[in-house]
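To keep things clear, I will list the structure first and then write my remarks on it.
The values are calculated or read from the model by the stated rules, or taken from the named source; none is laboratory data. A quick note: this is a predicted structure, and the numbers were derived from the prediction, not measured. Virtual Cβ from ideal backbone geometry, glycine too; neighbours counted across all protein chains shown.
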Amino acid sequence: MNRNDDHPEGPSQRQLRVGEALRRALTEVLTEGHFRDPDLQDALITVSEVRATPDLKHATAFVTTLGGAGVDTAVAALGRARAYIRGEIAKRVNLRGAPEWHFRADTAFDYASKIDRAFRDPKVAMDVAPPKPPSKPGPKRRAKKK
C-alpha cells in the first residue's frame, strides 16, 4: 500500500477519525514498551500516520525511528509483535473488531529532506528566488569644494 493509493475522493471522515485514534493508541503501546523483542525494547519509534481501510478491518501504520537508522529492523520487529499490538489496541480503542496491522517505513521525511536539499542548491535557489526590482539611479551628489 503506497501512501498515494487512496480512493479518488480520499478517505472518509470516519477513516480519518479512526486512523487518528489508532495512531494515538499505537503510540501509547510503543511508549510503554512492554515488548519481549529486543529490537523493540529500546527503539525510539515515531508513528507519523495510521491509515484504516474503509471497512476498518486493516490498518497501516507509517513509522520511522529517531534519526532514521534501523527503520527496516523496527518494521520487521513490529510485524513480529502485531498480535500483541492488536490486543493492546483493542483494549484502548472502542471498535467492533480490532484491525489487522501492517507496518511500513515512512519515507515522507526522506522525501522532504531531499526536496529541502534541492531548494538549497545554489543553481535552484537562483531560479526560485524572487526577482530583484530594478534599481533606480539615486540623486547625483555634488562634490564638496574645499
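Just a yes or no: is a residue in the range 65-83 polar (S, T, N, Q) and touching a residue at least 40 places away in the same chain (Cβ under 8 Å)?
no
Considering each of A43, A83, A90, A77 in turn, give the residue that is crowded, with 16+ Cβ neighbours inside 10 Å and either in contact with a Leu (Cβ under 7 Å, 6 or more places away or on another chain) or modelled with pLDDT of 90 or more (or both).
Checking each option against the conditions leaves just A77.
For the range 97-105, check the following and say yes or no: at least one residue is at pLDDT below 90 and exposed (fewer than 14 other Cβ atoms within 10 Å of the Cβ).
Among the residues of the range 97-105, at least one is at pLDDT below 90 and exposed (fewer than 14 other Cβ atoms within 10 Å of the Cβ), which makes the answer yes.
In the range 1-40, which residue that is at pLDDT 90 or above and aliphatic (A, V, I, L, M) is surrounded by the fewest Cβ atoms within 10 Å (Cβ to Cβ)?
The residue in question is L16.
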